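Notes to accompany the following structure.
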Amino acid sequence: MKREVVLDTETTGFDPASGHRIVEIGCVEVVGGLRTGAVFHCYLNPEREVPDEAFRVHGLSTTFLKDKPIFSEKVDAFLEFIADSPLVIHNAAFDMRFINAELQNLGFSALPMERAIDTVLIARKKFLGSPASLDALCKRFDIDLSSRTKHGALLDAELLSDVYLELLGGRQVTFHLDAGKQEAANSVAGMHMPKEVLEPRDFSPTPEELEAHAQTLSKLKKPLWQETA
């Protein structure tokens, strides 16, 4: 089944060209549309101050981040986790721009934008004119947001993985009635259920059963189905 990585970042600002950096990366492995439990998560020292406006969004302060690893210490583990899998990202252009800035600063090649699956674009196409923020989509799909008091890369990646599954059609991923395809769909949903084929049975009554039925009817007084209009 297809492996995908749902990814989110938190940053110090909006533009890496202005010196802003990543402060948190959260990745969630998804296979066949469902989370496997494998994750990659790290906080990063951005080697600069965290502006107040960014702190109000994610709650990660300069003091909290100052003893965290820098991106160069985590890049190998990050690249190993994402491997060559498609990256599912909400507003992909933003996160890809920051990730590629960090990679290129270390001499790595940029990740091609074609690897990104942008859930904002999917949601806007699916729900024309409706809000497409992560909060709005979680509310639309009745996904629990009680733990999201601030933005957090790993939590948001987990929420996005649930949103992504719903955008693809939910846990019932197919309506095919073909036996092979239905079995594959059941496996995707985590409930492999081999089909049991039973031999056809003859339910015609025996002569003894017919006689017993007639005797029972003879004991009934004026049954309604024997009355004539």
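In region 1-130, what percent of the accessible surface is made up of carbon and sulfur (1.4 Å probe, ligands and nucleic acids excluded)? All intermediate terms of the calculation are to be shown ahead of the outcome.
On the way: 3370 of 6480 Å².
Reported share for carbon and sulfur atoms: 52 percent.
Per residue, how much accessible area does region 1-134 show when a 1.4 Å probe rolls over the protein heavy atoms, in square angstrom? Kindly include the intermediate steps, with their values, before the conclusion.
Values: 6670 Å² over 134 residues.
Heavy-atom SASA per residue in region 1-134 reads 50 Å².
For region 99-145, build the convex hull from the C-alpha positions and give me its volume per residue in Å³. Kindly include the intermediate steps, with their values, before the conclusion.
Numbers: hull volume 4.9 nm³, N = 47.
Given the Cα convex hull of region 99-145, per-residue volume reads 103 Å³.
May I ask for the equivalent-ellipsoid semi-axes of region 18-144, computed as the square root of five times each C-alpha gyration tensor eigenvalue and listed largest first in whole Å?
Numbers: eigenvalues 133, 74, 45 Å².
Taking √(5λ) for each eigenvalue gives 26, 19, 15 Å, largest first.
The values are calculated or read from the model by the stated rules, or taken from the named source; none is laboratory data. Computed from a predicted model, the values in this text were never measured in an experiment. Heads up: the accessible areas ignore ligands, DNA and RNA and are worked out on the full protein's heavy atoms, side chains in. Shrake-Rupley method; radii C 1.70, N 1.55, O 1.52, S 1.80 Å.
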